[in-house]
Amino acid sequence: MVIAFKTGMERLDNLLIVAGAGRNVGKTEFVCRLIEKHSSQSDIYGLKVSAIHPDEAIYHGDHSKQRFTTNLFEETRYDLDKDTSRMLRAGAKKVYYLQGDDEQIRFGFQEFHSMIPASAPIVCESSSLWKYVQPGLLILVKAATVEFKPRALEIGEQASLIIDSDGLSGFPEIDAISLSKVDGWSLGSAATPGYYT
């Protein structure tokens, strides 16, 4: 499958983006298991990107007490229940949280990318970043029994891999995801684009 990203979009093979077809579909659990598997071979940098919504703290942890000089925040706490803390506990070298509107996300990612080694592997949980940078892999996690929400349809059309999360299997698809210093993130020969079978 050829991924038809926007012409002229920067491609980062060392970037893997995990999007969700809705809330509570298992995308953070998938991200953490992926980091845990690959962090022994390389320093993995984690990034959580969220659009600003009134209920942000309910789903992603309360960042309101942080003093943002920009809309980018480095997570340093391992002991919290936030997704970013979970990524640190999974073995990420450093984890950042980026929030904002489309423009803030685009520029915030550029700032994030300038703060880490140029070729460092990145695992990003986001349903919007793929609009601004072409990742090595774009993975969509959806609940096995729930249909796509309309906003997830476009992600599904672009995804390298779509995973049905049943909450039981432990994401066997992770074994098909490879990380190489030369090629970045890729799907192994056992995987096919689109649905993993």
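Conditions (1) touching a helix residue (DSSP H, G or I) at 6+ places or on another chain (Cβ under 9 Å); (2) outside any helix (DSSP H, G or I); (3) modelled with pLDDT of 85 or more, marked per residue:
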residue: Phe107; (1), (2), (3): no, no, yes
residue: His113; (1), (2), (3): no, no, yes
residue: Val123; (1), (2), (3): yes, yes, yes
residue: Ser127; (1), (2), (3): yes, yes, yes
residue: Leu138; (1), (2), (3): yes, yes, yes
residue: Leu153; (1), (2), (3): no, no, no
Positions within the stretch 73-122 being among the hydrophobic types (A, V, I, L, M, F, W, C) and either in contact with a Leu (Cβ under 7 Å, 6 or more places away or on another chain) or surrounded by fewer than 14 Cβ atoms within 10 Å (Cβ to Cβ) (or both), in sequence order: Val95, Leu98, Ile105, Phe109, Phe112, Met115, Ala118, Ile122
Number of positions in the stretch 158-187 that are closer than 20 Å to Leu12 by Cβ, within 17 Å of the chain's Cα centre (by Cα), not aliphatic (A, V, I, L, M) and not in a loop (DSSP other than H, G, I, E, B): 5
Residue within the stretch 105-117 that is without any contact (Cβ under 8 Å) to a residue 40 or more places away in the chain and charged (D, E, K, R) present: yes
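Would you mind stating whether Asp83 is within 17 Å of the chain's Cα centre (by Cα) and modelled with pLDDT under 95? Let's see the steps before the verdict.
Working: within 17 Å of the chain's Cα centre (by Cα): yes; modelled with pLDDT under 95: yes.
Taking the combined requirement at face value, the residue satisfies it.
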Pair list, Cβ under 9 Å, 6 or more apart: the stretch 130-147 residue more than 19 Å from Asp183 (Cα to Cα), other residue in a loop (DSSP other than H, G, I, E, B) and among the β-branched types (Val, Ile, Thr): Val141/Val25; Lys142/Val25; Ala143/Val25; Val146/Val25
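The values are calculated or read from the model by the stated rules, or taken from the named source; none is laboratory data. A quick note: this is a predicted structure, and the numbers were derived from the prediction, not measured. Cβ sites come from the backbone with ideal geometry, for glycine too, and all protein chains shown count toward neighbours.
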